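**Q** Here it is, the structure in full.
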Amino acid sequence: MIIFYLFSLAICIIWVYMLVYFNYTMSCLPVLKKQVKPINYDDAELPMVSIIVPACNEEEHLEQSLLSRLNQDYPRFELIVINDRSTDGTKAIIDRIAAMDDRLIPIHITELPNGWLGKVHALHQGVKLAKGEWHLFSDADITFKPEMLRSAVNYAKSQQVQHLTCIPEAELYNDFWLDVTVIGFLLLFCNSARIPDINQNKGNNAIGIGAFNLVEARVFNQTKGFEWLKMEPADDMGVGLMLKQHGAKSRVADGLGLMNFSWYQNLNQAFSGLEKNTFGPGSQYSYLKQIGIVLFLLAMGLLPSIALVLGMLSGDVFLIISGSLAWLTNIIVAFIVPKASNKEIPFYLLLPIGIILIAIIMANAAWKCFQNRGVFWRGTLYPVEQLRTGQRVKL
């Protein structure tokens, strides 16, 4: 029983720490739209930006996403959209919008070279055509408000950094349990990324977010580029890693109110969509490590409640205190953590269930990889050994 006591105490302490650090991260995260704008600036002095968007079977959100980029109030930009072997209406949407606005430069890829992941290869082709002084790598399901790009460039320049990545606002309220899972991912992301350290130029952590990776082209061109990341599913984090290794300074900001994304429509889509990138970065494609991570997350989600219930049934003060402390912290954080709306409070209250769902998603990703002997992504099967050899991001 002493082992259960000690393990329960350790898990409850870790859970409390993660919740407190999560609240600290979100509280000190700069909200981009609230940053002070320069008093005097000349549009002619703003740098040219190349917005590079890879798209594969994105017809559901693509038109709205591309039009939101073209509607930016920023004076100088080009929009390079790479159609990566899409089999739906993606190509037609790109060509139709390109015919209406010559700022959109279409690229259509029909074949994938050996040894490349499709998305990384698409980004690589986009960079080849980019003329901007800054590159913005951004996913095809992200929607921008008109002032997004101007706000981001001004903030990056004011901070004198070469890399700015932004957390998008998630479109919630589509599927309740999916929304709970989104908040769970946010908690784990904030604890693993160490965002406050990055924003204070401390430590060796690197970060990148696929929704918005703004990079000074001069610095990016001095790195190893996407050829170094050609077999890395976490290409967004890989961009941040390359820049960190090169000595570039990064900042992370909250894109609340300036950009949003629809993650998945339901939990089933999340299970399928996350098969490609929930196995590699944390476990380095090791089934044993993945099992350990899954068990740890299950313990995080279950043990505080189990300890509290067993303590109340047995009258064990030790278990009651440890379980109550974990849950009390969870409740406090749910109400005080910065959020878009108080409607999100139930999702934060159910964070333990969100962590359990993430554990199940990770277990499913490893199982599918074991069944297929690799990761199936964008119509191509990539063997585990090939992915392991080309892996760059290791959390």
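Every number here is computed from the coordinates shown, using simple stated rules; none is lab data. These numbers were taken from a predicted model, which means no experiment stands behind them. Heads up, the Cβs are rebuilt from the backbone with ideal geometry, glycines too, and the neighbour counts pull from every protein chain shown.
**Q** Going down the list K34/K131; K33/K339; K119/K249; K276/K368, which pairs span over 19 Å between their C-alpha atoms?
**A** K34/K131; K119/K249
**Q** Taking H placed 1.01 Å from N in the peptide plane, check which residues at least 5 places from V31 or on another chain put their amide H under 5 Å from its amide H.
**A** For V31, the qualifying residues are D254.
**Q** Roughly what would the spin-label model give for N221 and H246, points 7 Å off Cα along C-beta, in nm?
**A** It works out to 1.0 nm between the two label points.
**Q** OK, next. Give me, ordered by chain and number, the residues 5 or more places off F77 or on other chains with an amide H under 5 Å from its own placed amide H.
**A** HN-HN under 5 Å from F77: V49.
**Q** Mind sorting out which of (1) 1.10; (2) 0.98; (3) 1.57 is the real Rg/Rh (Cα atoms, Kirkwood Rh) computed from the coordinates?
**A** Evaluating Rg/Rh (Cα atoms, Kirkwood Rh) on these atoms matches (2).
**Q** While we're looking at this one, here's another question. Can you give the net charge of the other residues whose Cβ lies under 13 Å from the Cβ of V337, counting K and R as +1 and D and E as -1?
**A** My count for the surroundings of V337 gives -1.
**Q** Then there is this: List, in order, the whole-Hz ³J(HN,Hα) value for each residue of region 156-169 obtained from phi through the Karplus relation with A = 6.51, B = -1.76, C = 1.60 and θ = phi - 60°; use x for Gly and Pro.
**A** Computed from phi, the couplings for region 156-169 are 4, 5, 5, 8, 6, 10, 9, 8, 10, 10, 10, 7, x, 7 Hz.
**Q** Now for a separate question. Find out how many positive minus negative residues lie around Y173, taking Lys and Arg as positive, Asp and Glu as negative, among other residues whose Cβ is under 12 Å from that of Y173.
**A** Summing Lys/Arg as +1 and Asp/Glu as -1 gives -3.
**Q** Would you please give the residues with an amide H less than 5 Å from that of V375, counting only those at least 5 places away or on a separate chain, with H modeled from the backbone geometry?
**A** Y382, V384
**Q** With Cβ to Cβ distances under 14 Å as the rule, what net charge do the other residues near R251 carry (K, R +1; D, E -1)?
**A** +2
**Q** Okay, next question. Using θ = phi - 60° and the Karplus curve 6.51 cos²θ - 1.76 cosθ + 1.60, what whole-Hz ³J(HN,Hα) does each residue of region 217-234 get, with Gly and Pro shown as x?
**A** Per residue, the Karplus-derived 3J(HN,Hα) values read 4, 4, 6, 4, 5, 8, 8, 6, x, 5, 4, 6, 9, 5, 10, 10, x, 8 Hz.
**Q** So what's the angle, to the nearest 10 degrees on a 0 to 90 scale, between helix 90-100 and the longest Cα principal axis of the chain?
**A** Helix 90-100 sits at roughly 40 degrees to that axis.
**Q** Still on this model: Hey, what did the chain get for relative contact order, percent, Cα under 8 Å, at least 6 apart?
**A** 22 percent
**Q** Shifting gears a bit: P(r) for region 1-85: what percent of alpha-carbon pairs falls in each 10 Å bin, starting at zero?
**A** 12, 22, 20, 21, 14, 9, 2, 0
**Q** I've got another one for you. Residue by residue through region 248-256, which ³J(HN,Hα) values in whole Hz follow from phi under the Karplus form 6.51 cos²θ - 1.76 cosθ + 1.60 (θ = phi - 60°), with glycine and proline marked x?
**A** 6, 9, 10, 9, 10, 10, 8, x, 3
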